[in-house]
Each structure stands twice: as C-alpha cells, then as structure tokens.
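The values are calculated or read from the model by the stated rules, or taken from the named source; none is laboratory data. Keep in mind that this is a model prediction, so the values were computed, not measured. Don't worry about glycine lacking a Cβ; one is built from the backbone with ideal geometry, like all the others, and counts go over all protein chains shown.
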Amino acid sequence: MTSVRVADTRAELAALLATARERCGAPGGADAAQVGLVPTMGALHEGHASLIRLARQRVGDGPVVVSVFVNPLQFGAGEDLDRYPRTLDADLEVCSAAGADLVFAPAVDEVYPSWPVPPQVTVAAGPVAELLEGRTRPGHFGGVLTVVAKLLGLVRPDIAVFGEKDYQQLVLIRQMVADLCLGVEVVGAPTRRDPDGLAMSSRNRYLSLAEREQALTLSRALRAAQERASYGVPAARWAAMSVLRAEPGVEPDYLALTTTGLDELPDYPEPGTEGRVLVAARVGTTRLIDNLPIHFTDDVVGTTFEGDS
Ligand code: PAF
C-alpha cells in the first residue's frame, strides 16, 4: 500500500497541490513551504529514488511531486517509445518509500490535447541541443524542454531535481530556466551506479546478462579518461576509446571531453579546469549513455603518444 496521492489530470493535480500547499503553510505567505518536483518517465529505480529523497531533503515538510510521463515528443521515429517500460504500480511504491507526496501520471492527451498532432508551440532548444545526443537524436531536446516547461508550469515548484546521468539534458534545462526566466532552482543529482559501476538506467532492463557485462565498458572507458587526464585531452580520449574498442559487443556513438558547459576543451587545459567526459554506445539493440566529471590538475603534461596523429 502506498501513501502517495495520484493525479491523472491537470485538474486533479491542481486540486491536490492546493491542498498540499495549504497543509504545509499559507501559499505565498512568509511561512509558505517550498514545493519540489522530480520529473521522470517512470520505470523508476534507485537512481530516481535518490532524486526524490534529495527533493524531500531540500523542501523539508513541503510537498514533493513526482511526474511519471513517457513523453512522446522526445522520441524519434524508430526509437523505443512503444517498448519503453511502463510500471506505474511499482513506481508508486518507489515514490512512496522515497518520500514523495504526490504523483502526476497523465495520459498523453492530458499533456498534449491535440495529440497525435504535436503542439504548435514548443521550446527551441538552441545550439547545445545539436551536439552529442542531438546528432543521433534530432529534435530530442526540443521535446524534453517542452515537456519540462509544461511540468514546471503545472506544478510551479521552487526546486526541480534532475539526474546528472542525462548530463546534456541537465545543462539544457538549466539554460532554458535561465533564458526564459522560469524562476525555479534546478538541482543536479549525482548518477547512481550498481556496485560494478554500471550507471542505473531504466533502459538497463533491456540488456541480457551478457550485454550487461559488455555495458560495463562505458563506465570503464570514462574512468580510463579520468586516469589519463593529467596527460591532456587527446591522451585521455585515446585511453577511453581503447577501452571501448576492445569490447566488440559495444558500438560507440560518441566519446567527448568537454567543459562543464559542454564547450570544446583545448588539448591541454589550464590547471584546475573542470570538465566532463561523456559517452554513448549501443550494446545489442540498447543505446546507453554515461558521463563523469574530469579534472585537469596542475600537472597536465603534454606528451607525444600514438593517438596524437
Ligand atoms: O530524464 C527524463 O526522464 C526525461 O527526459 C524527463 C526530464 C522526465 C522529460 O521527459
């Protein structure tokens, strides 16, 4: 039995939110409680639970809302929209155990009334959306930002929590919130991993046992890059690519070293530069992504090595 309240429609969401806001303090008053939002597409796992716990920690007694919505606008033709796991009963248990008060689980036409005709007005995600994931998934981030903007409008949270696992998404959501003055604090939460290093993802359930083993190559490649950071960007990239190429079951899409804002890095960054190393690869029929921070220390040493040419 779960203790969360579930809203299927915008009207129910508005009513439940109004009650929750009242219970927690006069809306708009000095003692008004903060509202937290954790947008998800369901198929929740421990990674999502950690986002909900973080929202709960941040808003104290205030309402924590989790949205569970498989957003068709962010899936391209031939992607896994139809087979994306839908596990609402189990999701409600996760939400309840992690401390959510309210789950918004709308049908598609509740979010997009004209569906299957897409909405006429959507968010233009800008140039960062064309990089990395955007090269393989054109239009993906426009779909993500559009639904996130709608969810922010429906819930009007003070904070919204997103995982660093989808790092490019997090960067773009921060940019949208800043550029459109949406007045919500975007909180990024570290990626949760299985003990062997595999980043938790709803798509991991597509993997066979053998593919799951092969998928570990992604986090190993990222760690190889981190370990070679003191030799500069080309060396770190080469180390990571060597790990990826050594596993025939893994088909790399991209491996990129960037600034934290996803800009290009010089080959030998200034000491103290913080960056990000990001990877996407196909394992069997499943496309996985992962990323880690990468730190360029004081002792970046230029070196000649076989990957430099
Ligand atoms: O990260 C996700 O699960 C989705 O992209 C999001 C942010 C819930 C939008 O559909």
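Looking at (1) over 22 Å from Pro190 (Cβ atoms); (2) away from the ligand (no atom under 14 Å from the Cβ); (3) assigned to a loop (DSSP other than H, G, I, E, B); (4) of a type outside the set (S, T, N, Q), which is the only condition Pro106 fails?
Condition (2) is where Pro106 drops out.
Any residue at all in segment 12-20 that's part of a loop (DSSP other than H, G, I, E, B) and at pLDDT 90 or above?
no
How many residues, within segment 219-249, are outside any helix (DSSP H, G or I) and closer than 26 Å to Gly272 by Cα?
Residues flagged as outside any helix (DSSP H, G or I) and closer than 26 Å to Gly272 by Cα within segment 219-249 amount to 2.
Picking from Arg86, Arg53, Arg10, which residue would you name as being under 20 Å from the mean Cα position of the chain (by Cα) and either within 14 Å of the ligand (Cβ to nearest atom) or under 21 Å from Ala149 (Cα atoms) (or both)?
Arg86
Could you tell me how many of the residues in segment 142-166 are closer than 17 Å to Val111 by Cβ and either in contact (Cβ under 8 Å) with a residue 24 or more places away in the chain or touching a helix residue (DSSP H, G or I) at 6+ places or on another chain (Cβ under 9 Å) (or both)?
16
Just wondering, is there one or more residues in segment 53-70 that are β-branched (Val, Ile, Thr), part of a helix (DSSP H, G or I) and farther than 25 Å from Leu198 by Cβ?
The answer is yes, given that some residue of segment 53-70 is β-branched (Val, Ile, Thr), part of a helix (DSSP H, G or I) and farther than 25 Å from Leu198 by Cβ.
Specify which of the listed residues (Thr146, Thr191, Thr122) is hydroxyl-bearing (Ser, Thr, Tyr) and in a helix (DSSP H, G or I).
Of the residues listed, the single one that is hydroxyl-bearing (Ser, Thr, Tyr) and in a helix (DSSP H, G or I) is Thr146.
Just to be sure, is Ala105 crowded, with 16+ Cβ neighbours inside 10 Å, touching a residue at least 12 places away in the same chain (Cβ under 8 Å) and closer than 29 Å to Gln57 by Cα?
Spelling it out, Ala105 is indeed crowded, with 16+ Cβ neighbours inside 10 Å, touching a residue at least 12 places away in the same chain (Cβ under 8 Å) and closer than 29 Å to Gln57 by Cα.
Can you tell me which of Leu216, Leu152 is closer than 19 Å to Val283 by Cβ and either more than 13 Å from the ligand (Cβ to nearest atom) or in a helix (DSSP H, G or I) (or both)?
Within the list Leu216, Leu152, the selection yields Leu216.
What is the one condition in (1) closer than 23 Å to Asp166 by Cα; (2) touching a Pro at 6+ places or on another chain (Cβ under 6 Å) that Glu264 does not satisfy?
Status for Glu264: all satisfied but (2).
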